[in-house]
Amino acid sequence: MSVARPKIEIENLSLDFAADGGSPISVLHEIDLSVSEGEFICIVGPSGCGKSTLLNIACGFLEPTHGQVRIDGVPVERPDRRRVFIFQNTAVFPWLSVEQNIGFGLRSSTADENAATVQRYIEMIGLAGFEKAYPRELSGGMNQRVEIARALASNPDVLFMDEPLGALDYLTRLKMRADLIEIWRQERKTILFVTHDVDESVQLADRIVVMSKRPASVKAVIPVDLPRPRSLDDPEYLRIRDEIFHLMGIDHFGRNEDAPSDSRARPSAE
Ligand SMILES: Nc1ncnc2c1ncn2[C@@H]1O[C@H](COP(=O)(O)OP(=O)(O)OP(=O)(O)O)[C@@H](O)[C@H]1O
């Protein structure tokens, strides 16, 4: 029986940033990760540990100091049209309408095919009726939907998402998570998704990569073998969430588990 090659292979990856006049800053340290085709991977870890840096290398925006990322067995050396990167703040073009934004850069053979693709994604993200609207006429959540639709319309094989829901209010975020899962079910793209939100990672991911503080290494890779949509009070959901908090050194009250025990036992007077 042949074993399928992983879609993404991150091998012995390290990155040091040059520091002005000082010794280099080690940001990533010997990261290894293998991602299957169609897998939804979430990456969590302390602020500033190097999550975005890892995504930037995997996407070809940055060159590692050591090691390599391969996609379909080919080393990543530069950005590639087959892969898209979605940031926290939308990059929709304010001067283009929803349908023009989504259709931007489409290269189907005919205009009709392009229009059909645009319409398909407008419907998928629930913006039918807003085709002619401009970004200034839409909410933050709607604009982020346009951004996701634009990314999907170009038919990428990998989506790199860096806190894509981070700028949205809580309720919009919950809705967008559900929508994202539905889109992923339909499209089955390989997704690398960075989030600060542990709950978000447990709701979305097939596997969660927990990174250590800087220089970041992979502390654990946690599989989430729960059917979607995932219930927030499922005991297994809560167990996984607590395991991740524990790995990140945070207790149930959001306190640092490394702190002296008496300072954790007593709530601060502030
Ligand atoms: N171009 C750069 N030059 C020097 N240092 C950088 C550069 N880009 C990032 N860094 C540093 O690398 C470290 C990792 O940054 P990165 O943005 O990858 O972390 P992160 O885990 O995504 O952070 P956050 O969770 O706060 O978004 C930080 O200490 C940051 O200051």
Just the residues that are in a strand (DSSP E or B) and more than 10 Å from the ligand (Cβ to nearest atom), please, taken from the range 12-33. 12, 13, 14, 29, 30, 31, 32, 33
Could you please find all residues in the range 34-70 being more than 10 Å from the ligand (Cβ to nearest atom), over 23 Å from residue 180 (Cα atoms) and either in a strand (DSSP E or B) or not β-branched (Val, Ile, Thr) (or both)? 60, 61, 63, 64, 66, 67, 68, 69, 70
Failed item, numbered, when residue 194 is tested on (1) at pLDDT 95 or above; (2) out of contact with any strand residue (DSSP E or B) (no Cβ under 6 Å at 6 or more places or on another chain): (2)
If you scan the range 128-159, which residues turn out to be assigned to a loop (DSSP other than H, G, I, E, B) and not polar (S, T, N, Q)? 128, 129, 130, 131, 132, 133, 134, 138, 156, 157
1 or more residues away from the ligand (no atom under 16 Å from the Cβ) and of a type in the set (A, V, I, L, M, F, W, C): qualifying strands (runs of 3 or more DSSP E) within the range 160-246: 190-194, 218-223
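From 93, 130, which residue is in contact with a helix residue (DSSP H, G or I) (Cβ under 6 Å, 6 or more places away or on another chain) and exposed (fewer than 15 other Cβ atoms within 10 Å of the Cβ)?
Testing whether each residue is in contact with a helix residue (DSSP H, G or I) (Cβ under 6 Å, 6 or more places away or on another chain) and exposed (fewer than 15 other Cβ atoms within 10 Å of the Cβ) leaves just 93.
The values are calculated or read from the model by the stated rules, or taken from the named source; none is laboratory data. Source: prediction; values computed, not measured. Every residue, glycine among them, receives a Cβ derived from its backbone with ideal geometry; neighbour counts consider all protein chains shown.
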